[in-house]
Structure formats: C-alpha cells, structure tokens
Amino acid sequence: MTEHKLTTVDNPFNPWTRWEEWYAYDERLGYHTTSLLARIVQTSDELSVPDQDLAIELAIEEIAKENVSGMHRKVANPKSS
C-alpha cells in the first residue's frame with residue numbers, strides 16, 4: 001500500500017523529505033494541517049499499528065477528497081512508489 005501525507009497545494013516543501021520546512025510553512029500560513037488530520041482521524045491506542053496506519057490513510061483520503069478549503073491534497077511517499 002502506498003503511504004501518503006496531507007499537504008496544501010501551495011506548500012513548496014515535501015513533507016516526506018523536508019518535514020521541518022514543510023511544517024513551519026504550514027503553521028506560518030495558518031493551515032494547521034496536522035491538527036486538521038488529528039481531528040478527522042479515528043484511531044485508538046487499542047488498535048494495532050497497521051490499523052492505526054490505515055485509519056490515518058483513510059482520514060487523509062477523506063480530507064483530500066472533500067477538500068472543503070480547496071487547499072489540501074495528498075502526496076505519496078517517494079519510497080513506496
């Protein structure tokens with residue numbers, strides 16, 4: 001399964017390879033993408049790690065599909081391609 005991260009269409013940094021810069025840009029512009037993902041993901045400490053990963057992937061898919069703000073998209077892990 002290809003892993004994804006959530007980003008915005010205008011963020012010039014890849015969250016897979018330049019996390020610190022990506023995060024600083026995202027927070028500076030007020031997107032707070034990691035907080036949005038945390039609000040949407042349905043996970044629990046009682047889930048296995050693969051099930052937690054699946055829950056995160058499903059939340060990313062939902063946010064990117066609904067794209068209420070028009071700003072979010074998902075980006076694939078370059079190592080899983």
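The values are calculated or read from the model by the stated rules, or taken from the named source; none is laboratory data. Bear in mind that the values here come from a model prediction, so they are computed numbers and not experimental data. As a convention, Cβ positions derive from the backbone with ideal geometry for all residues, glycine included, and neighbour counts pool all protein chains shown.
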Search region 59-77 for residues being out of contact with any helix residue (DSSP H, G or I) (no Cβ under 9 Å at 6 or more places or on another chain) and part of a helix (DSSP H, G or I), and hand back the single one that is nearest to TRP22 (Cα to Cα).
ALA64
Identify all residues within region 3-58 that are more than 19 Å from MET71 (Cβ to Cβ), assigned to a loop (DSSP other than H, G, I, E, B) and among the polar types (S, T, N, Q); write none if there are none.
THR17, GLN42, THR43, SER44, SER48
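Considering each residue of region 21-32, count those that are in contact (Cβ under 8 Å) with a residue 12 or more places away in the chain and surrounded by fewer than 14 Cβ atoms within 10 Å (Cβ to Cβ), and give that number. Quick ask: steps written out before the conclusion?
Step one: of region 21-32, the residues in contact (Cβ under 8 Å) with a residue 12 or more places away in the chain are 22, 25-26, 29, 31.
Still in the list and also surrounded by fewer than 14 Cβ atoms within 10 Å (Cβ to Cβ): 29.
Number satisfying all stated conditions: 1.
Table: residues versus (1) modelled with pLDDT of 95 or more; (2) within 10 Å of the chain's Cα centre (by Cα).
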| position | (1), (2) |
| --- | --- |
| LYS5 | yes, yes |
| ASN14 | yes, no |
| TRP19 | yes, no |
| ASP26 | yes, no |
| LEU29 | yes, no |
| SER44 | no, no |
| GLU62 | yes, no |
| HIS72 | yes, yes |
| SER80 | no, no |
Scope region 20-60; condition in contact with an Asp or Glu (Cβ under 9 Å, 6 or more places away or on another chain) and at positive phi; matching residues:
HIS32
Go through (1) among the polar types (S, T, N, Q); (2) surrounded by 15 or more Cβ atoms within 10 Å (Cβ to Cβ); (3) within 12 Å of the chain's Cα centre (by Cα) for SER35 and report which single condition fails.
(2)
If I ask for residues that are surrounded by fewer than 16 Cβ atoms within 10 Å (Cβ to Cβ), among the charged types (D, E, K, R) and either closer than 16 Å to LYS5 by Cβ or in contact with a Pro (Cβ under 7 Å, 6 or more places away or on another chain) (or both), which ones from region 40-72 would you list?
ASP53, GLU61, GLU62, LYS65
